[in-house]
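In what follows, a single structure is set out as structure tokens and then discussed.
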Amino acid sequence: MAKDPVRVLVTGAAGQIGYALVPMIARGVMLGADQPVILHMLDIPPAAEALNGVKMELVDAAFPLLKGVVATTDAVEACTGVNIAVMVGGFPRKEGMERKDVMSKNVSIYKSQASALEKHAAPNCKVLVVANPANTNALILKEFAPSIPEKNITCLTRLDHNRALGQVSERLSVQVSDVKNVIIWGNHSSTQYPDVNHATVTTPTGEKPIRELVADDAWLNGEFITTVQQRGAAIIKARKLSSALSAASSACDHIRDWVLGTPEGTFVSMGVYSDGSYNVPAGLIYSFPVTCKNGEWSIVQGLPIDEFSRKKLDLTAEELSEEKALAYSCLT
């Protein structure tokens, strides 16, 4: 029997990431090749014409799974009945702007969108925040949509997770699909901690720890970490534009694993509401290793944390606590 369509909201849909993301959703990359979708696309009034152009292209692509398109500049219309919300729209930091100025702009954006989602989205709507500062934007959204369960509000660190998988794959000359269980801890910023201590590679003789195969702790504790942390900046330098294709692809990975589940024995990284696990302060949206089953994520518990890692986990938590304080100061 044919499935009912799932309504998926993409904000900032006329932008770079949105333009890469909507065809992936319409093609079944996010929710599966048998899941029809109705796309809700939101952008700001100055982008209305471009947004209509994206809608025209979606019609022209004749995607079999795409059962409807809503393209609008009205947040209420965009949020009505949505089952999944991918929040790509935000205010980017411009040259000469202080962090507080950027935070203030995003606080007002996420405050109003939280209100529209809370009042008009479908019950149990799953939310993924992509726009930076992603962790703190997600926290603001949670504050202003109190009836959306905290477990339903997440932010994107899967891009960093996938970057870490890619770096290991390149270093060892193995297929990226054979690398698993890297972890991104903390903030989607340059303080994030890409951790390979629990990660493995599938080899012809079984699963082997990455540390053992790489056999270069100096690289794993140094250049590997900084490469993943600064990969976004490297792409801007190369393309003169920020990552769009990889961000869109990882957003699909995040939602697909959340909705359809992670493979047995595999964990992924998601920015989720901290419950105090691993001595991370509760009340932050922090990236943890998670497994997903039946549409719910669970933090992987009991992983040993060495002294080097502990410092990294604490450092990124401190930055998130500072961001949280800055965001809350914008509310007063």
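The values are calculated or read from the model by the stated rules, or taken from the named source; none is laboratory data. It should be emphasised that the depicted structure is a prediction, and the values quoted were computed from it without experimental measurement. Virtual Cβ from ideal backbone geometry, glycine too; neighbours counted across all protein chains shown. With ligands, DNA and RNA removed, areas are computed over all heavy atoms of the protein, side chains included. Shrake-Rupley method; radii C 1.70, N 1.55, O 1.52, S 1.80 Å.
Things to note:
- Multiplying the residue separation of Asn221 and Thr205 by 0.36 nm and removing their Cα-Cα distance gives an extension gain of 3.1 nm.
- Considering all C-alpha pairs of the range 6-155, those separated by over 23 Å amount to 32%.
- The relative contact order of the chain comes to 17 percent, based on Cα pairs under 8 Å that sit 6 or more residues apart.
- The candidates Tyr328, Tyr273, arranged from most to least accessible area with a 1.4 Å probe in the full protein assembly, appear as Tyr328, Tyr273.
- The slack between Ser169 and Ser190, meaning 0.36 nm per residue of separation minus the straight C-alpha distance, is 5.4 nm.
- Cubic angstrom per residue, convex hull over Cα atoms of the chain: 147
- Between the helical axis of 48-61 and the longest alpha-carbon principal axis of the chain there is an angle of about 80 degrees.
- Legend: calculated FRET efficiency, Thr266 to Phe308, from the Cβ-Cβ distance at R0 = 22 Å, rounded to 0.05, equals 0.35.
- With each label modelled as a point 7 angstrom along the Cα→C-beta vector, the Glu57-Leu331 pair spans 3.7 nm.
- Structure-based [θ]222 nm, the chain - -39500 (n - 2.57) summed over DSSP H runs of at least 4, per residue, nearest 500: -13000 deg cm²/dmol
- Karplus-based coupling profile of the range 179-191, in residue order and whole Hz: 9, 8, 6, 5, 9, 9, 9, x, 8, 7, 7, 6, 9, with θ = phi - 60° in 6.51 cos²θ - 1.76 cosθ + 1.60 and x standing for Gly or Pro.
- FRET efficiency estimate (nearest 0.05) - Cβ-Cβ, Ala122 to Leu315, R0 41 angstrom: 0.60
- Kirkwood-based Rg to Rh ratio, the range 90-154, C-alpha trace: 1.01
- FRET efficiency, 1/(1 + (r/R0)^6) with R0 22 Å, evaluated for Glu322 and Lys111 via beta carbons: 0.65
- The slack between Ala234 and Val176, meaning 0.36 nm per residue of separation minus the straight C-alpha distance, is 18.8 nm.
- Shape of the range 157-328, Cα gyration tensor, a/c cut at 1.5: rounded
- Loop sites in the range 196-280: GluC sites (Glu not before Pro), DSSP, at most 11 other Cβ within 10 Å: Glu264
- Using the Karplus relation 6.51 cos²θ - 1.76 cosθ + 1.60 with θ = phi - 60°, the per-residue 3J(HN,Hα) values for the range 242-249 come to 7, 4, 10, 4, 5, 5, 5, 4 Hz, with x marking Gly and Pro.
- Taking θ as phi - 60° and the Karplus parameters 6.51, -1.76 and 1.60, the scalar couplings of the range 10-23 work out to 10, 8, x, 5, 8, x, 4, 5, x, 5, 7, 7, 4, x Hz in sequence order, x denoting glycine and proline.
- Overall form of the range 195-270 per C-alpha gyration tensor (a/c, 1.5; a/b vs b/c): oblate
- Per-residue packing, averaged as other Cβ atoms within 10 Å, sorts the ranges 224-232, 38-46, 150-158 into the order 150-158, 38-46, 224-232, beginning with the highest.
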